[in-house]
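Below: one structure, written as structure tokens.
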Amino acid sequence: MDATGLDVQVLSLSPPGLQILERADAVALQRVTNDQLSEAVRAHPERLQGLAALATQDPARAVDELERAITKLGLNGAMLLGRTRENSLVDTDCWPIFEAAEALNAPLYLHPQTPPAAVRDAYYRVDDPMVSSGLALFGIGWHYDTGVQVLRLILSGVFDRFPNLQLIVGHWGEVVLFYLERIENLGVLAKLERPLIEYFRNNVFITPGGMYSQRYLRWTIETVGVERVLFATDYPYVPDPPGGARGFLEGAELSEADREKIASGSWDQLCARIQRTAPRRISLT
């Protein structure tokens, strides 16, 4: 962190996270994982923060764990994957997680994951197995898969139902930002309450995710606004650019105010809104 110019690192459980496990194993490990994560943060509170891991196989237990992670452990949201085994976050069984995150003002980071085997075989297989793997994962498959999941969440009405829910998406929006003008009519077909782009401008934060491209930075700011951009590396998977992570922002054509927003200001504002006391639950019978 010192060498690359990072003051604070937000830690999370690396994919595949808990999402490939059986329900009981995932539920047991979410608590262990988040306890260890919070211990690391407490040991270095000025340098580390954390996003909770959730056992989305059991949405009710995931809601309980999200509340504990925010109100007891001091974590700053949670990291999710678009699919849990054969199920998608779009399934309404998972919507209580979105409801809890909105009530807590806790952001959810949607991270890429490996496309299903049938998709890998149908779309990404070439003669060289190593090339096939790279094409299905970091080449493009991860990003298409996650971008589609973002669109599915929007088009299924998640953000109409939970209008204050905040999602974070890496890799400059996982391809979707570059096609918004093409796909905007999907919002009309889905009878959404707002134009499609407005969900990205009000409910989705975008990070570079280790893709140090000044062109993509300019495009993202033009598309969704500088307030929607959060800086992020992809440590330890992507090497730092020349000049380190700090050098990327220092070399960008930005005002100092906008540079500060991207570097930490918008994230700090997002975290300052997190509700650190558990919301009341009322059961009507």
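At 222 nm, what helix-only mean residue ellipticity would the chain give, in deg cm²/dmol to the nearest 500, using -39500 (n - 2.57) for each DSSP H run of four or more?
My calculation for the chain gives -11500 deg cm²/dmol from helical runs alone.
Scaling against 2.2 N^0.38 Å puts the C-alpha radius of gyration of the stretch 33-110 at 1.08. When both the stretch 103-141 and the stretch 1-71 are represented by their alpha-carbon centers, they are found 22 Å apart.
Only Lys, Arg, Asp and Glu carry charge here, each on its Cβ (+1 for the first two, -1 for the last two); on that basis the stretch 43-114 has a dipole of about 280 debye about its Cα centre.
Can you give the longest run of the chain that contains no trypsin sites (Lys or Arg not before Pro) sitting in a DSSP loop with at most 15 other Cβ atoms inside 10 Å? Mind dumping the intermediate values first?
Working: sites that count: Arg47, Lys72, Arg85, Arg125, Lys191, Arg273, Arg276, Arg280, Arg281.
Answer - 192-272.
The spacing between the stretch 174-239 and the stretch 81-100, judged by their C-alpha centroids, is 21 Å.
The residues neighbouring Gly5, those whose beta-carbon lies less than 10 Å from its own, together hold a net charge of -3 under the Lys/Arg +1, Asp/Glu -1 convention.
If you roll a 1.4 Å probe over the stretch 1-123 with all protein chains in place, what percent of the accessible area is carbon or sulfur? Could you put the intermediate results ahead of the total?
Numbers: 2870 of 5610 Å².
That share works out to 51 percent.
Structure remark: mean-square fluctuation, Gaussian network model of the chain, C-alpha springs under 10 Å; the largest value among Ala24, Ala101, Ala69 belongs to Ala24. In the context of the full set of protein chains, the chain has a per residue accessible area of 52 Å² (1.4 Å probe).
What is the stretch 171-218 by shape, rounded, prolate or oblate, if you read a ≥ b ≥ c off the alpha carbon gyration tensor as root eigenvalues and call it rounded for a/c under 1.5, prolate for a/b larger than b/c, and oblate otherwise? Don't skip to the end; give the middle numbers.
Numbers: a/c = 3.15, a/b = 2.17, b/c = 1.46.
Since a/c reaches 1.5 and a/b is larger than b/c, the shape of the stretch 171-218 is classed as prolate.
Across the chain, the relative contact order, built from alpha-carbon pairs under 8 Å that are at least six residues apart, equals 17 percent. For Pro163, the shell of other residues with beta-carbons less than 14 Å away shows a net charge of -2, using +1 for Lys and Arg and -1 for Asp and Glu.
How much of the accessible area of the stretch 154-268, in percent, comes from carbon and sulfur atoms when a 1.4 Å probe is used?
On the way: 3030 of 5840 Å².
Whole-percent figure for carbon plus sulfur exposure: 52.
Of the labelled options [x] -0.26, -0.44, -1.18, -1.32; [y] -0.39, -0.62, -1.23, -1.29; [z] -0.25, -0.42, -1.26, -1.44, which one gives log10 I(q)/I(0) by the Debye sum over Cα atoms at q = 0.07, 0.09, 0.15, 0.16 Å⁻¹ as computed for this structure? Evaluating log10 I(q)/I(0) by the Debye sum over Cα atoms at q = 0.07, 0.09, 0.15, 0.16 Å⁻¹ on these atoms matches [z].
Go through the stretch 35-134 and name the GluC sites (Glu not before Pro) that are in a DSSP coil and have 11 or fewer other Cβ atoms within 10 Å of their Cβ. Let's see the in-between values first.
Values: sites: Glu39, Glu46, Glu65, Glu67, Glu86, Glu99, Glu102; in loops: Glu46, Glu86.
Answer by residue number: Glu46, Glu86.
The values are calculated or read from the model by the stated rules, or taken from the named source; none is laboratory data. None of these values were measured; they are calculated from a predicted model. Don't worry about glycine lacking a Cβ; one is built from the backbone with ideal geometry, like all the others, and counts go over all protein chains shown. Just so you know, the surface numbers come from the protein's heavy atoms only, side chains and all, with ligands and any DNA or RNA stripped out. Shrake-Rupley method; radii C 1.70, N 1.55, O 1.52, S 1.80 Å.
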